[in-house]
Amino acid sequence: MAHRGTQQRPESAGDLDARKAAILKAVVTEHVDTAQPVGSSSVAAAAHLEVSSATVRSEMVALEREGFLAQPHTSAGRVPTDKGYRYFVDHLAEATMGLAEQRQVAEFFAHVRGEVEEVLAKTSTLLSELTNYTSVVVSTGHAQASIISAQLVSLDAGHQLLVTVFSDGAVSKHSVFTVYPASAIEVAEASRQLHALLLGTSLETRVQVPSRSDHVSSLVRDAVATLHAVAPTVDGEQVYIGGSSRVAEAFDGVETVRQVLGILEQELLVVSLVEEVLKSTSGVSIGSEHGYESLTSCSLIVAPVSVEGRRVGAVGLLGPTRMKYREAMAAARLVSEQLTQHFTGDDDRV
């Protein structure tokens, strides 16, 4: 796998006129459906331009000269280039999603339960099933998320369980061991004080713990120390891949499939790719724009997941450059919106 550095998007050649734009849209749409080069006669019929095939052919030659189309063989039709797909995504692709798929998403989020990790894993499966592409769901960790609940549960006199709930839906559970026996009344009081002390703070916040030497204060100090000691382990990004087997269906060539699967196995690289795509206006990275030779035949669509105005993750779809952008973009956006509502407790569903 060779990395050539992050590629910039091709500079825009300005807006295409209406006829060229319609022809490009027709070529992209048909090539996505058929995987075959597209000829002028089928474009003339599909684009409803009411002009001759010869005129369409002339315009397709111009689009090829401007870098939007390519001709694989002399006698063949044309296929979109990365630049052609980019223009399609930026100017021509209105995100659309079928009613059945919308209902599937609504039904999923109306019933999904579990801790955040389980929900994200299930969401990655949902996205892949919706689109038939490989899905990527990234959780950026919750060190900055607000604590909305902190409780101590007594397991025995010297062993308490600290249960912390964060505003992004994450729940952490950690053992707190004490060298002295703590009564049920002391644990209950320590739990009350701990909740009051940590409510609204984050793992990055250094709270003022009590300095008294009684059992309750000592237990509060031990619990806070335990929580901050595990902070580095709960802050790392987590990656959930759904439908990785679809890579073999989406790409031609064993070597391409092997390289794409190799990328998906590298969590840090996946997170880096997602972060780069999130910086773009469209949330779509196409072919050579990734900067990795092994991904030049891929496109990545990403939508952020936010809680309280802060991004806590992202959902994405990885497929060939010849992917159904309108449907995939709509699916990623809808699932990201529903995931945001799920974690913020908003029950309004589509």
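Laboratory data are not the source of any read-out in this text; all were calculated from the coordinates shown. This is a predicted model, so every value here is computed, not measured. Heads up, the Cβs are rebuilt from the backbone with ideal geometry, glycines too, and the neighbour counts pull from every protein chain shown.
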Label segment 18-92 by shape, choosing from rounded, prolate and oblate, from the square roots a ≥ b ≥ c of the eigenvalues of the Cα gyration tensor; if a/c is under 1.5 it is rounded, and otherwise prolate applies when a/b is larger than b/c, oblate when it is not.
rounded
Quick one: go through segment 101-140 and flag any residue whose amide nitrogen is under 12 Å from the point 7 Å out along the Cα-to-Cβ line of Glu275.
140
Spin-label pair Asp33/Arg113, simplified geometry with 7 Å Cα→Cβ offset, distance in nm
4.4 nm
Along the positive direction of the dipole of the chain (beta-carbon charges: Lys, Arg +1; Asp, Glu -1; about the Cα centre), which of Gln193, Gly77, Ser285 reaches farthest?
Gly77
In nanometres, what is the gap between the two model label sites at Arg310 and His195, each 7 Å from Cα along Cα-to-Cβ?
2.2 nm
Put in order of increasing Cβ neighbours within 10 Å, starting from the fewest, Ser217, Ser75 give Ser75, Ser217
In what sequence do Ser213, Ser282, Ser124, Ser175 fall when counting other Cβ within 10 Å, fewest first?
Ser213, Ser175, Ser282, Ser124
What ranking do 86-98, 194-206 get when scored by the average of other Cβ atoms within 10 Å per residue, highest first?
86-98, 194-206
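Between Ala62 and Ser245, take the C-beta separation as r, use R0 = 30 Å, and let me know the FRET efficiency to the nearest 0.05.
0.15
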Take the alpha carbon atoms of segment 169-220, find their center, do the same for segment 83-158, and report the distance between the two centers in whole angstrom.
32 Å
With the contact rule set at Cα under 8 Å and sequence spacing of 6 or more, what percent relative contact order holds for the chain?
21 percent
Please give the helix 53-65 orientation as an angle from the longest Cα principal axis of the chain, in degrees from 0 to 90, rounded to the nearest 10.
50 degrees
Under 22 Å between alpha carbons: how many lysine pairs meet that in the chain, if sequence neighbours fewer than 8 apart on the same chain are excluded?
8
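What's the FRET efficiency of Gln104 with Ala157 using the Cβ-Cβ distance as r and R₀ = 45 Å, to the nearest 0.05?
For Gln104 and Ala157, the calculated efficiency is 0.35.
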A correct fewest-to-most ranking of Val315, Val176 by other Cβ atoms within 10 Å would be Val176, Val315
Evaluate E = 1/(1 + (r/R0)^6) for Ala95 and Phe177, where r is the Cβ-Cβ distance and R0 equals 41 Å; express this FRET efficiency to the nearest 0.05.
0.20
Rel. contact order, % - alpha carbon contacts under 8 angstrom, at least six apart, segment 147-234
28 percent
On each of the three principal axes the extent of the alpha-carbon atoms of segment 261-323, given in whole Å and largest first, is 37, 23, 17
How far apart, in nm, are two points set 7 Å out from the Cα along the Cα-to-Cβ line at Val51 and at Ala18?
1.2 nm
